[in-house]
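The values are calculated or read from the model by the stated rules, or taken from the named source; none is laboratory data. Treat the numbers as computed from the prediction; the structure is a model and nothing was measured. Please note: Cβ atoms are built from the backbone with ideal geometry, for glycine as well, and neighbour counts cover all protein chains shown. Remember, those area values only see protein heavy atoms, side chains included, never the ligands or the DNA or RNA. Shrake-Rupley method; radii C 1.70, N 1.55, O 1.52, S 1.80 Å.
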Amino acid sequence: MNSEDFISQLISETGLTQEQGVAANNIFESTFLAGNKNKDFIIKQIVEKLGVDEAQANIIYDVAVGLLATGILSKIKNIFKR
């Protein structure tokens, strides 16, 4: 999944604006996702940069991680189809 697809899907599933979707994408691209500390950091960044509350930031985080996981799984499946 490329950045444009990720942003479009994130906007579609969370109701973010285009600007917020791009900002969220930038947060996820610049932060390693593994670990609970990074989750807390990402949530904080989403609250600060997107102007949403913590509950909404958690929803955005969960949707984004789900989208990223789906994209990674489809890439792995394509490797084995060859």
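Could you tell me which residue of region 1-58 is most open to solvent (accessible area, probe 1.4 Å), considering only residues that are within 15 Å of Ala69 (Cβ to Cβ) and outside any helix (DSSP H, G or I)?
It comes out as Phe32.
Can you name every residue in region 39-63 that is within 14 Å of Asn25 (Cα to Cα), in contact (Cβ under 8 Å) with a residue 24 or more places away in the chain and out of contact with any Asp or Glu (no Cβ under 7 Å at 6 or more places or on another chain)?
Listed by number, the residues that qualify are Lys49, Leu50, Ile60.
Name every residue in region 5-37 that is of a type outside the set (Asp, Glu) and in contact (Cβ under 8 Å) with a residue 40 or more places away in the chain, in order of residue number.
Of everything in region 5-37, those that are of a type outside the set (Asp, Glu) and in contact (Cβ under 8 Å) with a residue 40 or more places away in the chain turn out to be Phe6, Gln9, Leu10, Thr14, Leu16, Ala24, Phe28.
Quick one: Asn36 ticks every box in (1) modelled with pLDDT under 90; (2) polar (S, T, N, Q); (3) under 13 Å from the mean Cα position of the chain (by Cα) except a single one, so which number is it?
(3)
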